[in-house]
Amino acid sequence: MDHYRVCVVGAGPTGLATIKSLAEAGITDLICHEAQDASGGIWVYSDDPERPSVYQTAHTISSKMLSQFPDFPMPDAYPDYPSNRQILDYMRAYEARFDLSRYIRLKSKVTAARPRDNGGWEISFEDATGGHSQTADYLIVCSGHHREPVMPDLPGEFSGEQLHAGQYKKADGFAGKKVLVVGGGNSGCDIASAVSRVASHVSLSIRSPQVIVPKLVAGRPLDVQFAKLRKPHLRWARDGLLKLGLTLLVGPYERYGLQQPRGRVLSHHPTLNTVILDRIRHGMVTGRPGVRSAAGREVTFTDGTRADFDVIIWATGYRLGAPFLGDVCPDWNEAAQVPLYLKMMLADVPDLFFIGLIQPIGCIWVLADQQAKLAAAEISGAWRRPADIKARIERDNRRDAKRYKASLRHAVQVDTHEYAAELDKVLCDFGK
Ligand SMILES: NC(=O)C1=CN([C@@H]2O[C@H](COP(=O)(O)OP(=O)(O)OC[C@H]3O[C@@H](n4cnc5c(N)ncnc54)[C@H](OP(=O)(O)O)[C@@H]3O)[C@@H](O)[C@H]2O)C=CC1
């Protein structure tokens, strides 16, 4: 095998899985830059609103069973849905078990990565001693997609406090306040549920129908139950059963003051939350439609209703992108699809991989482990990306456009089991 130097950006769970796969494939001239002072990515909880991290009450939304690396099970004592602290401990144990720390440079922030004329990359980074640069043959981006908050413009002027969900850390500061949470994704529903325990009242504004699904079905995690129907030809059965299950478990969303989703259940990225509908029916959270405007403390909703608030928390998601890549990475901010083969590879840049730039209905890092094995296989020469990569990207994007509601929110959506099978097939084809 030829000798290659690989630069990995980010030491969150996907970065750790990537380093491990590369090292196992014999690629050990590796450097992983991590901007923060610890590995673990957003699972390192911090009170600092400017530091991206999970909120204090975050638990996984995919079950333990489907969130553990195949070769590194979670401890038996872990519950079905581990807490953020347990996930961080698990990641730290994984890093120690596979001796990954030696490849990681903490407090080292990649500021730019430029392709070199004769191949490879010029990487600029900053650490405590100043700015530096180094070269690498391959660049692997593992910096996640929860960095650039979407902060919508609210017509008019709101005189209360405003923050994005990425800056929300814990409910304590909201005691006794009237809080409006905008966005019905996993962040919005988690935050509205938590804040409703201390606030004087919480409204949850959801502008378009969202699929809100309890985390447990018949006493077992939802993803474990539905994994039995993982085969692609059972997708319709999976969708049908989920729809039936929702009718029985939840009933019409209108009964909660929420809009009813139409069409295939899995055409939306679901919100996995067992608590929020309960909080609504206990009168602690009011379901509202989209926001229209604000004047002083008053917010007007699209149905014409109005209410006063002290705080707005925008749980309106994140933009895609890796700013340090400059022109290499086209502006994906408004994209409904990304031009990546297997959501990993640009057609025209053979020495660049994105790992973990996916949104499964499930766990990202288990899939990232498979993606990393494929990247390692290409770097070590065991596999070559197909010659018709552009046609494959277009074909897959046409398929996904039919599968998922067209929106920035679904640009990197994947069906966990089908995507895993797709990666498995490529990996098996060359005997890995
Ligand atoms: N415990 C965990 O593991 C957690 C995981 N996550 C994951 O992190 C990712 C990000 O989740 P999240 O932060 O919830 O973001 P999402 O992008 O999933 O949801 C954003 C929400 O905000 C709404 N929205 C977007 N733009 C606007 C706007 N301009 N005005 C009003 N509403 C708007 C969206 O509605 P619309 O559909 O109409 O665009 C949607 O309801 C997801 O993959 C999620 O599953 C999040 C929280 C916890």
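The values are calculated or read from the model by the stated rules, or taken from the named source; none is laboratory data. Here the structure is a predicted model, which is why all the values come from computation and not from measurement. A quick note on method: Cβ atoms are made from the backbone with ideal geometry, for glycine too, and the neighbour counts reach across all protein chains shown.
Listing for the model above:
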{"read-out": "Every residue from segment 190-216 that is within 11 Å of the ligand (Cβ to nearest atom) and over 13 Å from A171 (Cα atoms)", "value": "L204, S205, I206, R207, S208, P209, Q210, V211, I212, K215"}
{"read-out": "Close pairs (7 angstrom Cβ cut-off, 6 or more residues apart or separate chains): more than 17 Å from V54 (Cα to Cα) in segment 137-153, acidic (D, E) anywhere", "value": "D137/D351; Y138/D351; L139/D351"}
{"read-out": "Residue within segment 289-296 that is farther than 27 Å from L408 by Cα and assigned to a strand (DSSP E or B) present", "value": "yes"}
{"read-out": "Candidates A372, A307 - the one that is in contact with a Ser or Thr (Cβ under 9 Å, 6 or more places away or on another chain) and farther than 19 Å from F69 by Cβ", "value": "A307"}
{"read-out": "Unmet requirement for C428, which otherwise passes all of (1) of a type in the set (A, V, I, L, M, F, W, C); (2) more than 18 Å from V8 (Cα to Cα); (3) within 16 Å of the ligand (Cβ to nearest atom)", "value": "(3)"}
{"read-out": "Residue ID - nearest to A315 (Cα to Cα), chosen from residues in segment 181-216 that are surrounded by fewer than 19 Cβ atoms within 10 Å (Cβ to Cβ) and among the aliphatic types (A, V, I, L, M)", "value": "V198"}
{"read-out": "Given (1) buried (at least 16 other Cβ atoms within 10 Å of the Cβ); (2) in contact with a Phe, Trp or Tyr (Cβ under 6 Å, 6 or more places away or on another chain), index of the condition Q260 fails", "value": "(1)"}
{"read-out": "Filter pass, I355 being of a type outside the set (D, E, K, R), under 30 Å from F174 (Cβ atoms) and surrounded by 21 or more Cβ atoms within 10 Å (Cβ to Cβ)", "value": "no"}
{"read-out": "Search result, residues across segment 66-79 that are assigned to a loop (DSSP other than H, G, I, E, B) and crowded, with 16+ Cβ neighbours inside 10 Å", "value": "L66, S67, Q68, M74, Y78"}
{"read-out": "Evaluation of D303 against (1) closer than 27 Å to H59 by Cβ; (2) of a type in the set (D, E); (3) part of a loop (DSSP other than H, G, I, E, B) (one fails), failing number", "value": "(1)"}
{"read-out": "Residues (buried (at least 20 other Cβ atoms within 10 Å of the Cβ) and within 23 Å of I355 (Cβ to Cβ)) located in segment 145-179", "value": "H145, G166"}
{"read-out": "Tally of residues being buried (at least 20 other Cβ atoms within 10 Å of the Cβ) and in a loop (DSSP other than H, G, I, E, B) across segment 373-417", "value": "4"}
{"read-out": "Total residues in segment 93-111, condition closer than 30 Å to G130 by Cβ and surrounded by fewer than 18 Cβ atoms within 10 Å (Cβ to Cβ)", "value": "8"}
{"read-out": "Residue satisfying condition, being within 16 Å of the ligand (Cβ to nearest atom) and out of contact with any Asp or Glu (no Cβ under 7 Å at 6 or more places or on another chain), within set R399, R403, R392", "value": "R403"}
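Conditions (1) touching a helix residue (DSSP H, G or I) at 6+ places or on another chain (Cβ under 8 Å); (2) at pLDDT 95 or above, marked per residue:
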residue: Q134; (1), (2): no, yes
residue: H146; (1), (2): yes, no
residue: L154; (1), (2): no, yes
residue: G160; (1), (2): no, yes
residue: L163; (1), (2): no, yes
residue: G176; (1), (2): no, yes
residue: V179; (1), (2): yes, yes
residue: G183; (1), (2): yes, yes
